[in-house]
Amino acid sequence: MEAVELQAAGVVTDLSIWGLVRQADFVVKLVLMILLLASFWCWAIIFDKSRQLKRLRAKAEEFEESFWSGGSLEELYERIGGAPDHPLAMLFSVAMREWSLATARGMPIADMRSPSGLQQRIDRVMTVAFQREMEGLEQRLGFLATVGSTAPFIGLFGTVWGIMNSFQSIAVTKNTSLAVVAPGIAEALLATALGLVAAIPAVVAYNKLSNDLNRYAGRLETFAGEFGALLSRQLAERGA
């Protein structure tokens, strides 16, 4: 943006963006700094979460292809190991760990089907793993919601302060010319604009990422239900 200058009584006022920031009141500068930092951190969260969800979806598709290929679940468990690198594999791993421990100890089928038996333990460990994984995925999303709801008001505070500076300039100089009131009004408008620049992407990204996480959570819940049903059928076959 080209610099715009106003001149009155030999005083030149630079109304370019950088000129406004440089000449702004300390409070307005503080508001602008807060909004800039909030916007920067929001974009960092947006890029990080978007990349993370894309990677998780790819890994989930790869895992489900292996899981439903008809191969041995024990071989798949050995291949994944004790350190799965995505939530879907984590649900499978914790369930298979309980299954392997029970079968290795030779637990009777009647005990496996009891209220405190194997299948109930598997359901509980998958539920706990699901909640823990989702809590990890939802980290820092609250910051987007906070910025989306508060940034316009922070910008509004800078707006009010800039307008107050304009009125003070009028009172001191007893001059209502544009050169006197323009800097304060321009500062006010800049704070408002920056508040919206920080808030709008944060709100849009929060809604988009929340919807993506809800769909991914539904995918995890569907897998947990299908895997639990598969283990239940295997228990029934053993007891037959």
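The values are calculated or read from the model by the stated rules, or taken from the named source; none is laboratory data. Given the structure is predicted, the values throughout are model-derived calculations rather than measurements. Backbone-built Cβ (ideal geometry, glycine too); neighbour counts: all protein chains shown.
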For this session: Filter segment 68-90 for residues that are surrounded by 11 or more Cβ atoms within 10 Å (Cβ to Cβ), closer than 26 Å to E138 by Cα and among the hydrophobic types (A, V, I, L, M, F, W, C) and give the result.
Result: I80, L88, A89, M90
Problem set entry | Residue match in segment 149-156 (condition: aliphatic (A, V, I, L, M), more than 19 Å from L209 (Cα to Cα), modelled with pLDDT under 85 and surrounded by 14 or more Cβ atoms within 10 Å (Cβ to Cβ)) | no
Seminar exercise, completed: Sole miss for A58 among (1) free of Cβ contacts under 8 Å to residues at least 40 places away in the same chain; (2) surrounded by 17 or more Cβ atoms within 10 Å (Cβ to Cβ) is condition (2)
For this session: Answer with yes or no whether V125 is farther than 30 Å from A89 by Cα, out of contact with any His (no Cβ under 8 Å at 6 or more places or on another chain) and at pLDDT 80 or above.
Result: no
Exercise. Given K49, K59, which one is within 30 Å of L101 (Cα to Cα) and among the basic types (K, R)?
Worked result: K59
For this session: Can you give me the ranges of the helices (runs of 4 or more DSSP H) entirely in segment 1-98 with at least 1 residues that are at pLDDT below 90 and within 24 Å of the chain's Cα centre (by Cα)?
Result: 26-67
